[in-house]
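J.: Just passing along the structure, written as C-alpha cells.
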Amino acid sequence: MREIAIQTEYITLGQFLKLSDCISTGGHAKFFLQENKVLINGETDNRRGRKLYGGDKVEVEGCGVFTVGRA
C-alpha cells in the first residue's frame, strides 16, 4: 500500500489518479473511471469529482492500493 500525501484539506479522485501515476493527464480521468473499477473505503465510486480526505483508502484496478495522507 502506497501513501499519497496531500497538502490541502481534500483532493478530487481525478487529481488523485494523476498524482498516483494511474493516469498521465487529468483529461484521462473520465475515460479511466468508465473502464476501471475504483474502490474508496471499500465502496465502488466512479465520480472524478469525489473528494478524498486524509485516511481514505483507494483501490484502483490494475494500478494498486493507496492511502491518502496529509503532508
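Just so you know, all these numbers are worked out from the coordinates, no wet-lab data involved. Model, not experiment: these values are computed from the prediction. Methodologically, a virtual Cβ is constructed for each residue, glycine included, from the backbone with ideal geometry; neighbour enumeration extends over all protein chains shown.
J.: Can you give me the Cα centroid spacing of the stretch 6-20 and the stretch 43-71 in angstrom?
T.: Using only Cα atoms to place each centre, the spacing works out to 8 Å.
J.: Per 0.36 nm of contour for each residue apart, how much would the distance between ASP45 and THR8 grow if the chain were fully extended, relative to their Cα-Cα spacing?
T.: Gain on stretching ASP45 to THR8: 11.2 nm.
J.: Counting only other residues whose beta carbon sits under 11 Å from that of ASP45, what net charge do I get with K and R as +1, D and E as -1?
T.: The answer is +2.
J.: Among the aspartates and glutamates, select those whose C-alpha is under 14 Å from the C-alpha of LYS30, and discard any that sit fewer than 8 residues away in the same chain.
T.: Reachable aspartates and glutamates: ASP45.
J.: Next question, about the same structure. If you take every DSSP beta bridge whose two residues both sit in the chain, what share of them, in percent to the nearest 5, is antiparallel?
T.: 70 percent
J.: OK, next. Return a whole-number percent for the relative contact order of the stretch 21-71, with Cα pairs under 8 Å and 6 or more residues apart as the contact set.
T.: 29 percent
J.: Helix-derived [θ] at 222 nm for the chain: sum -39500 (n - 2.57) over DSSP H runs of at least 4, divide by residue count, nearest 500?
T.: -5000 deg cm²/dmol
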